Each structure stands twice: as C-alpha cells, then as structure tokens.
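J.: Dropping the structure in here first, questions after.
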Amino acid sequence: EKLDKGLEKTKDSFFTKLGKAVAGKSKVDDEVLDELEEILISSDVGVDTMVKIIERIEDRVARDKYLNASELDTILKEEVAGLLAENNYEELQGFTVPQDKKPYVIMVVGVNGVGKTTTIGKLASRFKASGNKVLLGAADTFRAAAVDQLIMWSERVDVDIVSHGMNTDPASVAFDTVKKGVEGNYDVVIIDTAGRLHTKVNLMNELSKIKRVMQKFIDEAPHEVLLVLDGSTGQNAFIQAKEFTKATEVTSLAITKLDGTAKGGVVIGISDQFQIPVKYIGVGEKVEDLQVFNRMEFVDSFFN
Ligand code: GDP
C-alpha cells in the first residue's frame, strides 16, 4: 500500500498515457508501439532500455501474429520484470547478516544531495530493529553538514558512530570504524563516503584507499558497495551510475525520492543497463520510508 502511495505519480502518468494509447484499439499495432515508445521515454527508462522493451513487445506481436491491446499491460509487466536484476527479496526483508560475515561492512557511495545520509539512517534503523548491533562511520568528511547529519541520525535511531569531524582523512575514519566494528562485536558497519565527482581519478583513489584500510581488518570488506541514486533526477542518475561503476565495484543500489517523481522508470533503466540489483527504494524523508525493492510489486505499481 505504501509502495502504491509512494509511486502514485509514476503510476497515474503511465496508466493514463497507456490507456489513451490503446483507447479504441483492439490490437497492438505500429501506432500503439509508437505511443508506447514515447511513454517509456518520458518515464525515463532511458533509450537503450526503451528499445529493448519495444523489441520484446514486437517479438510477441510477431510470434502471435496478433496481440490484443487489452493484454499490453500484462505483457509489458512480464517483459520488464524480466529485465531487472534479481535482489534476493526474501532474504533482504529480514535485515539479517550471515554469521560468518560479521561485522558486515557496507560502504555507501553517491553524490551529495541524493539522500545518502538519510538512506544510511533508515538502514541503521532497520538493521537495529532486526536485532543487529549497528555502527556508523562518518567518512564523508568533506562537508561539515554530512558529518553533523550522520551524527544526528545516529542519535535519532540510537546507534553508535565513529566520527573525527570535518576535513579529516576519510580513510582514517574508515580504519577506526571497521576496527571498532571488529573489536566491539558489531553485526553491521555502515560507512558514509564523500560524494564528490570532481575528478574521476580522485574519486577512484579515495574509494580504493578506504577499501584498502578496511581490508587490514577484514579481507573481504566491504561486503557491499551500495550506490545511492536520486530517482527523480532522470538522466543524471544514469550518468552517476556510470561514473561510480567505473570508479569502484558497485554491488547494490538504493534509489531514493520515488515518492516525488513521475520518473520511476529510472529504476527500470538503471537496473537493466548496469545489471546491479536494486536493494532498497526511498519513498519519503522519514525513517520508515525505506522499502526493500520487490521487482514484481514495483512493476505492478509502475504499469497499473
Ligand atoms: P545526502 O547529501 O546524499 O546525504 O542527502 P540527504 O540524506 O541529506 O538528503 C537530501 C534531502 O533529500 C533531504 O532533505 C532528505 O530529507 C531528502 N530525502 C532523502 N531521501 C528521500 C526520499 O526517499 N524521499 C524524499 N521525498 N526525500 C528524501
């Protein structure tokens, strides 16, 4: 229900437009496909993914010779869900971490303003609610506000935090955080990193340095590199995904601000093009406004 509410804007616009495209039509013809193409583009799935979806629908039309216009939404859902990277929904929902991977280290990356800090706060709250001992690391030391906000979140959800303040060495914060995580028997360690894209080389160097110091304590750390993207920024989110996947090995995605956008198609396009699972979506500013991403549910809300 919350997802439906969160995606209302996306949903209304797609449904209304698709309804108009097939109104008075009995079969899916070129005109309907042209309309669909436009709707997909305006919903921000990106050109590559749009072309892929249209081709799949064309294949279905060709295979069956005839495709009933009223079936278009069902078939769209099937085809689009098939494009999205699998994310282990059942397991994620539990907010537990494997016994042999404790502390489970999540390094969070993304540019400023996308909702990185908020997402970390929400995740800390969920992991804590599932019985985990959670530690945060304020390694986004470039902005004073980032450190302060993370401290605020740690107080709000009542979890521990390692912070050295602004303009300190991010790698040294990461070092101390993982050290404390191991020595203090924490279950989950979540480390915020600087969201600067000023130069690719700097970003790459900074992130690999942070990784290297973590590995002094845990060989396979970080267990997860979570990229946070703002779902309302359309093509910017694609550009950021491209930059960050070049700079480091991104293993999962969180897409925020889907409550305020008609452009939820970003989720589909990015998941398809980068084949990185979307684990979480943000549907509001409050601590409870984080959802584990469910492919089928999302596609249902998107096209209904
Ligand atoms: P950061 O700079 O990436 O750490 O971004 P913040 O976490 O500070 O978030 C920037 C702004 O976006 C804040 O005003 C947040 O309340 C807001 N925000 C974050 N996630 C969401 C979301 O899912 N929905 C909405 N509507 N706002 C969000």
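J.: Considering only the range 275-304, state which residues are within 13 Å of the ligand (Cβ to nearest atom) and not β-branched (V, I, T). Full working, then the answer.
T.: Narrowing the range 275-304 to residues within 13 Å of the ligand (Cβ to nearest atom): 280-291, 293.
Listed by number, the residues that qualify are Y280, G282, G284, E285, K286, E288, D289, L290, Q291, F293.
J.: Say whether the condition of being within 9 Å of the ligand (Cβ to nearest atom) and aliphatic (A, V, I, L, M) is met by at least one residue in the range 259-274.
T.: Checking the range 259-274: not a single residue is within 9 Å of the ligand (Cβ to nearest atom) and aliphatic (A, V, I, L, M).
J.: Can you pull out every residue in the range 80-105 that is part of a helix (DSSP H, G or I) and of a type in the set (D, E, K, R)?
T.: E90, E91, D100, K101
J.: Within the range 230-258, can you find the residues that are within 10 Å of the ligand (Cβ to nearest atom), at pLDDT 95 or above and of a type in the set (A, V, I, L, M)?
T.: Answer for the range 230-258, where residues must be within 10 Å of the ligand (Cβ to nearest atom), at pLDDT 95 or above and of a type in the set (A, V, I, L, M): A254, I255.
J.: Considering only residues of the range 209-228 that are closer than 26 Å to I281 by Cα and not charged (D, E, K, R), which is surrounded by the most Cβ atoms within 10 Å (Cβ to Cβ)?
T.: In this case the residue turns out to be I210.
J.: Give the residues of the range 24-72 that are in contact with a strand residue (DSSP E or B) (Cβ under 9 Å, 6 or more places away or on another chain) and not basic (K, R), sorted by residue number.
T.: Taking the range 24-72 and keeping what is in contact with a strand residue (DSSP E or B) (Cβ under 9 Å, 6 or more places away or on another chain), we get 26-28, 61, 66-69.
S26, V28, V61, Y66, L67, N68, A69, listed by residue number.
J.: Then there's this: Taking V114, is it outside any helix (DSSP H, G or I) and either touching a residue at least 24 places away in the same chain (Cβ under 8 Å) or within 11 Å of the ligand (Cβ to nearest atom) (or both)? Spell out the reasoning first.
T.: On the way: outside any helix (DSSP H, G or I): yes; either touching a residue at least 24 places away in the same chain (Cβ under 8 Å) or within 11 Å of the ligand (Cβ to nearest atom) (or both): yes.
It is true that V114 is outside any helix (DSSP H, G or I) and either touching a residue at least 24 places away in the same chain (Cβ under 8 Å) or within 11 Å of the ligand (Cβ to nearest atom) (or both).
J.: In addition: Residues that are touching a strand residue (DSSP E or B) at 6+ places or on another chain (Cβ under 7 Å) and polar (S, T, N, Q): does the range 259-267 have at least one?
T.: We begin by selecting, within the range 259-267, every residue touching a strand residue (DSSP E or B) at 6+ places or on another chain (Cβ under 7 Å); these are 266-267.
From what's left, polar (S, T, N, Q): none.
Scanning the range 259-267 turns up no residue that is touching a strand residue (DSSP E or B) at 6+ places or on another chain (Cβ under 7 Å) and polar (S, T, N, Q).
J.: Inspect all residues belonging to the range 95-105 and state whether any of them is of a type in the set (A, V, I, L, M, F, W, C) and within 16 Å of the ligand (Cβ to nearest atom). First the steps, then the outcome.
T.: From the range 95-105, those of a type in the set (A, V, I, L, M, F, W, C) are 95, 97, 105; that's our starting set.
Narrowing the set further to residues that are within 16 Å of the ligand (Cβ to nearest atom) leaves none.
For the range 95-105, residues of a type in the set (A, V, I, L, M, F, W, C) and within 16 Å of the ligand (Cβ to nearest atom): absent.
J.: Also, I was wondering about something else. I need the strands (runs of 3 or more DSSP E) fully contained in the range 201-304, keeping only those with at least 3 residues that are closer than 19 Å to I106 by Cα and in contact with a Cys (Cβ under 8 Å, 6 or more places away or on another chain).
T.: Values: elements: 224-230, 252-256, 278-282, 290-292.
Correct list: empty, since no element meets the threshold.
J.: Taking the condition more than 13 Å from the chain's Cα centre (by Cα), under 26 Å from D73 (Cβ atoms) and of a type in the set (S, T, Y), does T261 pass? Quick ask: steps written out before the conclusion?
T.: Details: more than 13 Å from the chain's Cα centre (by Cα): yes; under 26 Å from D73 (Cβ atoms): yes; of a type in the set (S, T, Y): yes.
When the stated conditions are applied, T261 passes them.
J.: Can you tell me which residues in the range 134-158 are hydroxyl-bearing (S, T, Y) and within 12 Å of the ligand (Cβ to nearest atom)?
T.: Initial filter on the range 134-158 (hydroxyl-bearing (S, T, Y)): 141, 154.
None - no residue of the range 134-158 is hydroxyl-bearing (S, T, Y) and within 12 Å of the ligand (Cβ to nearest atom), so the list stays empty.
The values are calculated or read from the model by the stated rules, or taken from the named source; none is laboratory data. Not measured: the values here are computed from a predicted model. Because the Cβ atoms are built from the backbone with ideal geometry, glycine has one as well, and the counts that use them run over all protein chains shown.
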